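Below is one structure; the comments refer to it alone.
The values are calculated or read from the model by the stated rules, or taken from the named source; none is laboratory data. Model, not experiment: these values are computed from the prediction. Ideal geometry is used to build each Cβ from the backbone, glycine not excepted, and the neighbour counts take in all protein chains shown. Protein only, heavy atoms only, side chains kept; ligands, DNA and RNA dropped before computing areas. Shrake-Rupley method; radii C 1.70, N 1.55, O 1.52, S 1.80 Å.
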Protein chains: 2
Amino acid sequence: MTGTMKAMVTMGHGGMDQMVWHEAWPRPAPGPGEVLIRVGACGLNNTDVNTRAGWYAKEVRGPTTSDPAPELHGDGTWGASGLGFPRIQGADVCGVVEAVGEGADAALIGRRVITDNWVRDPAAPMDMDRARYFGSEMDGGFAEYTVIPARNVAAVDSALSDAELATFSCSYTTAEGMLTRAGVVAGDVVLVTGASGGVGSALVQLAKRRGAVVVGMASGDKHAALAPLGADALLPRAPGDLRAALQQAIGRDSVTVVADIVGGPGFPQVIEALARGGRYTCSGAIAGPIVELDLRTFYLNDLTFTGSTIVPPHVFGDVVGYIERGEIRPLLAATWPLRELHAAQTAFLEKHHVGKIAVLP
Amino acid sequence: MTGTMKAMVTMGHGGMDQMVWHEAWPRPAPGPGEVLIRVGACGLNNTDVNTRAGWYAKEVRGPTTSDPAPELHGDGTWGASGLGFPRIQGADVCGVVEAVGEGADAALIGRRVITDNWVRDPAAPMDMDRARYFGSEMDGGFAEYTVIPARNVAAVDSALSDAELATFSCSYTTAEGMLTRAGVVAGDVVLVTGASGGVGSALVQLAKRRGAVVVGMASGDKHAALAPLGADALLPRAPGDLRAALQQAIGRDSVTVVADIVGGPGFPQVIEALARGGRYTCSGAIAGPIVELDLRTFYLNDLTFTGSTIVPPHVFGDVVGYIERGEIRPLLAATWPLRELHAAQTAFLEKHHVGKIAVLP
């Protein structure tokens, strides 16, 4: 298993020019317990941009953008270990297992799989200090081939295309992790910020799947495209008076859960929309990480906030089941050739799309 | 049960001059299910000041001070119903039951009791929209006599003085509610802000009682007075580098729980001191309610924040048991005559004391 492959390789922290196209990058070989995947498609995620631009570094206080903040000095990783370069990014792989390393199940060869992107220490699966993220602290899927531990893939029995299957893993495990942390159940009323994005559209579908009433917030021009996801109501991204807008849309002026991946200037408004005893869960802050919190609102209403990054190990398998049973549907906005990743990521950041973007080698 | 009594009566929202001394205020009579208490002592709490000054109103953004913020327009209550005036404030009563209303247990007559200050709807004890706070949405203990539902008092078998027993209810149920919400257990490392105050000193004792390692933050000149509470380490109120100070004090640079009643500018520092998976619990913000939160710290570390105001009904009885078994000790800083409440509350706000201040009718 030698030779070369085409790959988009990130050479260091910085702007989009750090991502360099290579026609003959070394092809990886599967080590013990690993599988070699011929990549069919790889979905795009905010973490690709954040990790490259160093957004996770404390010096950065602005929203997710392509260019690194000028004040950046930290290494901007989100895992415990720093990023090494060159690095092949890309977390959401769908592809076919072409070979397995020593000790890995040979029955996987020829199967179409998707990837569970938290590569954990099997002895301590919830210990993030020992966990790596596929495409972040280890090479990922912006290439013709990639390797990952065999326990991090699942064969998927589905009529969906590779690109459609590459929309699920990162967003849906993130979203399901948030809903799990917040304990969302039937009877909850869930407000989803950024409902047109990958995690946002996943939150809408997964909260509906749990039987909750779901209100999505997104730009008005995206509401038509979001309608098939089944939200009970869609509100603008920044309603002038959120409580009044809720009252008009669903007949009550508060929600029991806010699932947020936006943060930024809209944070105080969504917190004020929580009913007494309400829960806020968060797994991103694309509009800016530094927010203003009124502790009175927080403690006088007995609110609970749960941050969610590492997800319970069962979540990935749960999501695979939802896909196979047709309980969630892909929301594929566009596909691009892998070599046009710059253009694809530019479109991703412009946020004119609804759902996910994938690249094809 | 008619006649008059001496009382400090709050006439409206505003500064300390709103609290007016009356030598012949109407003495209350116990209604059905209520008891009449001859007040022996009444402890002072931040909520007395906050409610009078209207600090709970959204327009206010500064710390707890005696004077109302000039921008105040709201009514500043923290319960569901607005405050009515004139109002007798004061939540932490210790006194002797002198009479009972229809249907209340006559065996309480002659017993020394303390008050459970959340006056709940028995049909919905966790529904704060139906709960009132003693001394806030109903008359309290800054008077010779007060009435309260019989289910809101507990006879206490203790050698402590009335003033000492009047230090417990508000602070210790608040603190125990916070530790319950945060699920503090043996093995936790708990950082307590404002450890010299009523709730802070309660948090130190109650977290130690649960077997946690406890680090208190307080002005250096109060450390000697705090030592008997048993904290494993005491740090300054605003250490330059909290993580380094923790490392030096307890051999690790993070904690598993922050129990905060201070908020304000120190908030980001205590959040950054939380270990992955750490918990923050809050029941006050005397240094200012508006704080800056970095959502990355929150979600990338899988933190959980719990606001705590209404406490489970069992907490008051639990605290009474801790008192009777000597598991917690009072920290009585000073007593003042009730008629000198202005001076007592001035001393309370100057924060030169350690523990609690009580007034005696």
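Of all the criteria given as (1) β-branched (Val, Ile, Thr); (2) part of a helix (DSSP H, G or I); (3) open to solvent by 50 Å² or more (accessible area, probe 1.4 Å), the one not satisfied by B:Thr335 is (2). Quick check, is B:Arg181 charged (D, E, K, R) and within 14 Å of chain A (Cβ to nearest Cβ)? Considered against the rule, which asks whether it is charged (D, E, K, R) and within 14 Å of chain A (Cβ to nearest Cβ), B:Arg181 comes out as yes.
Using the structure shown, decide if B:Val185 is among the hydrophobic types (A, V, I, L, M, F, W, C), open to solvent by 10 Å² or more (accessible area, probe 1.4 Å), in the same structural domain as B:Ala249 (by TED's automatic domain parsing) and at pLDDT 95 or above. So B:Val185 passes the test. In the range A:296-312, the residue that is most open to solvent (accessible area, probe 1.4 Å) out of those that are more than 7 Å from every other protein chain (Cβ to nearest Cβ) and under 16 Å from the mean Cα position of the chain (by Cα) is A:Pro312.
Whether any residue in the range A:202-219 is at pLDDT 95 or above, closer than 21 Å to A:Gln89 by Cβ and assigned by TED's automatic domain parsing to the domain that holds A:Asp260 is what I want to check. Checking the range A:202-219: at least one residue is at pLDDT 95 or above, closer than 21 Å to A:Gln89 by Cβ and assigned by TED's automatic domain parsing to the domain that holds A:Asp260. The criterion of at least 2 residues that are aliphatic (A, V, I, L, M) and farther than 30 Å from A:Arg120 by Cα is met, among strands (runs of 3 or more DSSP E) falling completely within the range A:141-256, by A:189-192, A:213-217, A:233-235. Against the numbered list (1) farther than 22 Å from B:His342 by Cβ; (2) at pLDDT 95 or above; (3) among the aliphatic types (A, V, I, L, M); (4) surrounded by fewer than 16 Cβ atoms within 10 Å (Cβ to Cβ), B:Ala80 comes up short only at (2).
The rows are residues; the columns are (1) open to solvent by 50 Å² or more (accessible area, probe 1.4 Å); (2) at pLDDT 95 or above; (3) not assigned by TED's automatic domain parsing to the domain that holds A:Ala285.
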{"site": "A:Gly74", "(1), (2), (3)": "no, no, yes"}
{"site": "A:Phe85", "(1), (2), (3)": "yes, no, yes"}
{"site": "A:Cys94", "(1), (2), (3)": "no, yes, yes"}
{"site": "A:Glu98", "(1), (2), (3)": "yes, yes, yes"}
{"site": "A:Gly110", "(1), (2), (3)": "yes, yes, yes"}
{"site": "A:Thr115", "(1), (2), (3)": "no, yes, yes"}
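Test of understanding: among A:Ile290, A:Ile323, which residue is within 8 Å of another protein chain (Cβ to nearest Cβ) and either at pLDDT 95 or above or over 17 Å from the mean Cα position of the chain (by Cα) (or both)? Result of the check over A:Ile290, A:Ile323: A:Ile290. Against the numbered list (1) open to solvent by 10 Å² or more (accessible area, probe 1.4 Å); (2) in contact with a helix residue (DSSP H, G or I) (Cβ under 9 Å, 6 or more places away or on another chain), B:Gly288 comes up short only at (1). Summed over the range A:274-316, residues that are of a type outside the set (Val, Ile, Thr) and assigned to a loop (DSSP other than H, G, I, E, B) total 12. Against the test of being closer than 24 Å to B:Gly216 by Cβ, in contact with a strand residue (DSSP E or B) (Cβ under 6 Å, 6 or more places away or on another chain) and not acidic (Asp, Glu), the options B:Arg329, B:Arg279 yield a single qualifying residue, B:Arg279. Kindly establish whether B:Asp105 is more than 14 Å from chain A (Cβ to nearest Cβ) and buried (at least 18 other Cβ atoms within 10 Å of the Cβ). So B:Asp105 fails the test. As a summary of the residue check, B:His353 satisfies the conditions (1) touching a Pro at 6+ places or on another chain (Cβ under 6 Å); (2) outside the structural domain of B:Pro228 (by TED's automatic domain parsing) except for the one numbered (1). Looking only at the range B:197-225, how many residues end up being open to solvent by less than 10 Å² (accessible area, probe 1.4 Å) and over 18 Å from the mean Cα position of the chain (by Cα)? So the answer is 3. Does any residue of the range B:237-251 turn out to be within 14 Å of chain A (Cβ to nearest Cβ) and open to solvent by less than 50 Å² (accessible area, probe 1.4 Å)? Scanning the range B:237-251, I find no residue that is within 14 Å of chain A (Cβ to nearest Cβ) and open to solvent by less than 50 Å² (accessible area, probe 1.4 Å), so the answer is no. Contact annotation: residue pairs with Cβ atoms under 6 Å, 6 or more positions apart or on different chains, pairing a residue in the range A:340-360 that is open to solvent by less than 40 Å² (accessible area, probe 1.4 Å) with a partner that is of a type in the set (Phe, Trp, Tyr), are A:Ala344/A:Trp336; A:Ile357/A:Phe348; A:Val359/A:Trp336. Looking at the range A:150-182, which of the residues that are among the acidic types (Asp, Glu) and modelled with pLDDT of 95 or more is nearest to A:Ala249 (Cα to Cα)? Checked the range A:150-182; the qualifying residue nearest to A:Ala249 (Cα to Cα) is A:Glu176.
Only residues that are open to solvent by 60 Å² or more (accessible area, probe 1.4 Å) and in contact with a helix residue (DSSP H, G or I) (Cβ under 7 Å, 6 or more places away or on another chain) were counted across the range B:7-37, and they come to 2. One residue alone among A:Ser254, A:Ser283 is of a type in the set (Ser, Thr, Tyr), more than 29 Å from A:Ser161 (Cβ to Cβ) and outside the structural domain of A:Thr51 (by TED's automatic domain parsing), and that residue is A:Ser254. When A:Ala259 is tested against (1) outside any loop (DSSP other than H, G, I, E, B); (2) open to solvent by 10 Å² or more (accessible area, probe 1.4 Å); (3) within 22 Å of A:Thr180 (Cα to Cα), just one condition goes unmet, and that condition is (2). Taking the conditions (1) open to solvent by less than 10 Å² (accessible area, probe 1.4 Å); (2) more than 10 Å from chain A (Cβ to nearest Cβ); (3) among the basic types (Lys, Arg) in turn, B:Arg329 satisfies each one other than (1). Quick one: is A:Arg296 basic (Lys, Arg), touching a residue at least 40 places away in the same chain (Cβ under 8 Å) and more than 22 Å from A:Asn46 (Cβ to Cβ)? In short, no. Residues that are in a strand (DSSP E or B), touching a residue at least 24 places away in the same chain (Cβ under 8 Å) and surrounded by fewer than 24 Cβ atoms within 10 Å (Cβ to Cβ) are absent from the range B:265-273 altogether. Considering the range A:274-283, the residues that are closer than 20 Å to B:Ile271 by Cβ and open to solvent by 10 Å² or more (accessible area, probe 1.4 Å) include one that is nearest to the other protein chains (Cβ to nearest Cβ), namely A:Ser283.
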